[in-house]
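K.L.:
Pasting a structure below so you can have a look.
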Amino acid sequence: FTITTADEVRDKYDSTLGTKPLLKSVNVRRTPEVSMLLSEWNPENLELAFMGTKTNFAQTGAAVANYLPPTARVKKGYWFPLESVGGSAQRRGAITLVTVTGPAGAPVYAVTLDYLVDATSGRIYVVPSGAIADAASLEVDFTFPTITGSALPYVRGGVSNFIEAFVRVIGKSAAGPTMEIEVWIASLSPDGEIDFFGDDYGEFRIRGRVLADETNHPGEPNYRVFEVAA
């Protein structure tokens, strides 16, 4: 966590001398800003990273017989999802009892040799060397579970126009005192790209502009800093 102060100043120089010395410098605008490097990929942090809102995935489990994937999606080396009727929602979470066959139950394709199952995301992979041809007509039987409550949280990305938050940080440096910072209102947004295929520990940055709160904190509208311990 870091905090910086950006000042916009107006300078007045003496035009009567050749050296044009600076006579006065006046601060006309001050914008404190905060920056956070986060490494916890929990839904609350991802709301900030993706300017989204957290919610919970829900589905009522059932056994599906003879699901017909669109033939255009059946292609060697590609995945196709196990969706509801009309393709409106993909089934998720511990998909079990999967069988893949041709029309009317024949031929019966073999898992691993002809197809793979991503049980968590609810999808089927067509093995390139297997017997399932491109654009083949398939029938898939499978069972998917009921998911309720907070069992599968996710973030609706890009739906928040702005996120304002109270920010409180207690930081302990490698040397020196322990400091506590309270920012009354920070307008937060992601700072830079988020890499899903990085070769380092997953991290993402959040930045924020400090908004003045004169109403609730007269005399200290931006933030305050305490030394908690030496």
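K.L.:
In segment 75-94, which residues are modelled with pLDDT under 85, closer than 15 Å to Ala119 by Cβ and open to solvent by less than 60 Å² (accessible area, probe 1.4 Å)?
P.N.:
Gln90, Arg91, Gly93
K.L.:
For segment 170-230, list the strands (runs of 3 or more DSSP E) that sit wholly inside it and hold at least 1 residues that are within 21 Å of Gly52 (Cβ to Cβ), open to solvent by 90 Å² or more (accessible area, probe 1.4 Å) and in contact (Cβ under 8 Å) with a residue 60 or more places away in the chain; which are they?
P.N.:
204-210
K.L.:
Moving on to the next point. Please go through segment 153-169 and pick out each residue that is surrounded by 15 or more Cβ atoms within 10 Å (Cβ to Cβ) and outside any strand (DSSP E or B).
P.N.:
Within segment 153-169, just Ser160 meets the criteria.
K.L.:
Of the residues Thr53, Thr60, Thr4, which single one is hydroxyl-bearing (Ser, Thr, Tyr) and farther than 30 Å from Ser189 by Cα?
P.N.:
Matching residue, one of Thr53, Thr60, Thr4: Thr60.
K.L.:
Here is a list of conditions, (1) among the aliphatic types (A, V, I, L, M); (2) open to solvent by 40 Å² or more (accessible area, probe 1.4 Å); (3) not in a loop (DSSP other than H, G, I, E, B), and Val100 meets all of them except one; can you say which number that is?
P.N.:
Condition (2) is where Val100 drops out.
K.L.:
Could you tell me whether Glu47 is surrounded by 10 or more Cβ atoms within 10 Å (Cβ to Cβ), of a type in the set (Asp, Glu) and closer than 30 Å to Pro145 by Cβ?
P.N.:
Here the answer is yes, as Glu47 does meet what is asked.
K.L.:
Which ones in segment 15-44 are hydrophobic (A, V, I, L, M, F, W, C), open to solvent by 70 Å² or more (accessible area, probe 1.4 Å) and out of contact with any Asp or Glu (no Cβ under 8 Å at 6 or more places or on another chain)?
P.N.:
First pass over segment 15-44, keeping only residues hydrophobic (A, V, I, L, M, F, W, C): 17, 22-23, 26, 28, 34, 36-38, 41.
The next check asks that each one be open to solvent by 70 Å² or more (accessible area, probe 1.4 Å); those that pass are 17, 22-23, 28, 37, 41.
Result: Leu17, Trp41.
K.L.:
When only residues in segment 103-112 that are part of a loop (DSSP other than H, G, I, E, B) and not aliphatic (A, V, I, L, M) count, which is most open to solvent (accessible area, probe 1.4 Å)?
P.N.:
Only one residue tops the list, namely Thr112.
K.L.:
Now a separate question. Among the residues of segment 128-147, which ones are assigned to a loop (DSSP other than H, G, I, E, B), surrounded by 15 or more Cβ atoms within 10 Å (Cβ to Cβ) and under 30 Å from the mean Cα position of the chain (by Cα)?
P.N.:
Pro145
K.L.:
Which residues, counting only those in segment 1-55, are without any contact (Cβ under 8 Å) to a residue 60 or more places away in the chain and among the aliphatic types (A, V, I, L, M)?
P.N.:
Ala6, Val9, Leu17, Leu22, Leu23, Val26, Val28
K.L.:
Kindly establish whether Tyr115 is farther than 22 Å from Thr55 by Cα, among the aromatic types (Phe, Trp, Tyr), open to solvent by 30 Å² or more (accessible area, probe 1.4 Å) and over 22 Å from the mean Cα position of the chain (by Cα).
P.N.:
no
The values are calculated or read from the model by the stated rules, or taken from the named source; none is laboratory data. Worth saying up front: this structure is predicted, and the values here are computed from it rather than measured. Positions of Cβ are generated from backbone atoms using ideal geometry, with glycine treated the same way; all protein chains shown enter the neighbour counts. These area figures cover heavy atoms from the full protein model, side chains too; ligands, DNA and RNA do not enter into them. Shrake-Rupley method; radii C 1.70, N 1.55, O 1.52, S 1.80 Å.
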